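A short worksheet on the structure shown next.
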Amino acid sequence: MRYEYTGDAHAELVESYRADGPPFPTDASPTYPRRDSLRDEPPLLKQLLFPQCWNATELLDDPGETRARLTELGVCMRKGVTAYADDGTDVTGTVDATLDRLPGVRSALKKDVEAAYKGDPAAKSYCEIIRSYPGFHAVLTHRVAHHLYEAGSFEYARELAEYSKVETGIDIHPGAEIGEYFFVDHGTGVVVGETTTVGDWVRVYQNVTLGALHFEEEEDEDHMLAKGYKRHPDIGDHVVIGAGSNVLGPVSIGDRVNIGAQSWVTDDVPDDTSVFVADHPDQERKPNG
């Protein structure tokens, strides 16, 4: 069955492109190096969400071209949703609803770029973050995959998340709920579980796990772990989680909490608290040879 996008997101996206101002990229003249992908969805999403940075400046003033690009993405999404859909699934409705939300996704991602720029002393420009930061690429995919997950397209959403993990080294389950101004710095080895919730202005460093502490077993079912219950933490607003830390189980981390590197957190942490490893292992030195 042929798919054609018929919603209004193309007009909203072009209007949002026109509203961009510094420090977001506004110069349509640069041509950036190619970054090929093994799937069609990631490059299409990047072009639609930040055309100035992905050699798609023809979208900036042309709603018709933007609609055509949305249709191209919709064809890919329709194929992915259909592969797992039951007979009664409204596949076109799921795809349309996801594409309709792209202007909102773009607004959220602009806040994520701001958080990355403000949260990383090494960041030189917004365009650098949009093109080069694995944490931003992972969050870009997640914010779209999460809408598919909420619409019931769990398997296809997981496919997109897993492909993002291959590209970035960051594993965010599409079920996780992530607030505004989210920044994953460096990112390698970060894991965010399905029932995690994350507030606003949260900064996470490499090798952090927001995961489960233990699993329940399904009653009267050998070797079957239970599904559909809360297993992962809730993270408040203005939280920093240092490299190598593990926050495990359905615990609540309050607002304005700092969790130091290599911490192991399995209990609730109240607001305005710092958690850190008090006694680091002693190190010894001796001459070589």
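Only the coordinates and a few stated rules stand behind these numbers; no lab work does. Treat the numbers as computed from the prediction; the structure is a model and nothing was measured. Note that each Cβ is placed from the backbone with ideal geometry, even for glycine, and that neighbours are counted across all protein chains shown.
Computed over the alpha-carbon atoms, segment 97-231 gives an Rg to Rh ratio of 1.01, Rh here being the Kirkwood radius from the mean inverse distance. What the Kirkwood sum gives for segment 1-169 is a hydrodynamic radius of 16.3 Å, with every pair of different alpha carbons counted.
Taking 26 Å as the straight-line reach from the Cα of residue 124, the lysines in range (excluding those fewer than 8 positions away in the same chain) are 46, 110, 111, 165. Remark on the chain: Rg and Dmax equal 20.7, 73 Å (Cα only).
For the chain, the longest principal axis of the C-alpha atoms and the axis of helix 9-19 are separated by about 70°. The stretch between residue 62 and residue 215 holds 50.0 nm of extra length on full extension. This uses 0.36 nm per residue minus the Cα-Cα distance. A viscosity of 0.692 mPa s and a temperature of 37 °C, combined with the Kirkwood radius over C-alpha pairs in the Stokes-Einstein formula, give segment 189-289 a diffusion coefficient of 220 µm²/s. Its residues counted as N, segment 144-222 yields a C-alpha radius of gyration over 2.2 N^0.38 Å of 1.19. Round to the nearest 10 and give me the degree value, 0 to 90, for the angle of helix 134-150's Cα axis relative to the longest principal axis of the chain. Here the helix axis deviates by roughly 70 degrees. Applying 1/(1 + (r/R0)^6) with r as the Cβ-Cβ distance of residue 79 and residue 282 and R0 = 51 angstrom yields a FRET efficiency of 0.35. Each of 46, 286 has some number of other Cβ atoms within 10 Å of its Cβ, and from fewest to most they run 286, 46. Taken along the Cα-to-beta-carbon direction at a fixed 7 Å, the label points for residue 15 and residue 188 span 4.4 nm.
Using only Cα atoms and rounding to the nearest 10 degrees, what angle (0 to 90) does helix 154-168 make with the longest principal axis of the chain? It is inclined by approximately 70 degrees. Take the Cα of residue 271, step 7 Å toward its Cβ, do the same at residue 97, and the gap between the two points is 3.5 nm.
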